[in-house]
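Notes follow once the structure below has been shown.
The values are calculated or read from the model by the stated rules, or taken from the named source; none is laboratory data. This one's a predicted model, so the numbers in the text were calculated from it and none came from an experiment. So basically every Cβ, Gly included, is an ideal-geometry build from the backbone, and we count neighbours across all protein chains shown.
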Amino acid sequence: MSTMRDMLSRWRRRWFGSHTIIDPRPLAEGAPYTFYLPSENEVLALRPGDLVKLVFQSVPPSREYAAERMWVAITRAEGDRLWGRLDNQPLDMPQLRAGQEIAFRRGDVIDLRWGEDHPVRPPSAPVRRQYQDRCLVDACVLKDRMAVHYLYRETPLPSVGSEQPDSGWRIRGDYRGMEDDAVGAREVECVPLGLVLNVDDSWLHLVDAPIGSAYVRNWENDKFEPESAAAD
């Protein structure tokens, strides 16, 4: 049930609020293994009748959602500038409504669907591998952007419900100079492999190594070596 404060916040945003559309390109650069954008040729080919997805952010900020991804049907195009009609009903942005005119730029597009009468559709962007299988990783790798020190692959745990399958990878951040007890006490998170690769992809070439594989980083040459070889 909404509180009086929630209702007041919605009322203020409805009458005094606005919105901004987030430029997704810096996000894609910072998360290359989890945030994919259409190709430049696809974006340049957009025209009235096509659908595009944009990232909207409420001003002032919404209390429930940091941003909302919504579809817009293009109605007009002038070079880099585009206009369209909002094709979704926002969840928590009362200052916006379905059918409202939206102005944006081609660089704001995060996804697209061609209209039925689009004459010549450019080739789609190359299909990129989705690193959605999950892994266990020290939280400090994600939160503190700590380099990966050691990783091994065990038999994956069975999936529960609709969650992504377990890759079997177990990943530890830099633990040089730490006692075993301190390393073992680290907080661990279960996340898609892509989130770890966004921080440190120096081990990408090992991602398909078989179950039973284990590697440790040699900090002198900054390369991963099989654990048995590193121990010799």
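Some values worked out for this structure:
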| item | result |
| --- | --- |
| Test: residue in the stretch 135-155 that is in a loop (DSSP other than H, G, I, E, B), under 19 Å from the mean Cα position of the chain (by Cα) and closer than 16 Å to Leu206 by Cα | no |
| Selected residue [small (Gly, Ala, Ser), outside the structural domain of Gly30 (by TED's automatic domain parsing) and modelled with pLDDT under 95] from Gly161, Gly194 | Gly161 |
| Scan of the stretch 59-71 for residues that are modelled with pLDDT under 90 and in a strand (DSSP E or B), ordered by number | Val59 |
| Filtered residue count, the stretch 72-85, keeping only those that are touching a Lys or Arg at 6+ places or on another chain (Cβ under 9 Å) and in a strand (DSSP E or B) | 9 |
| Pairs, first more than 20 Å from Arg128 (Cβ to Cβ) in the stretch 16-40, second among the polar types (S, T, N, Q) and not in a helix (DSSP H, G or I), C-beta under 6 Å, six or more apart | Gly17/Gln95; His19/Ser58; Thr20/Gln57; Ile22/Gln57 |
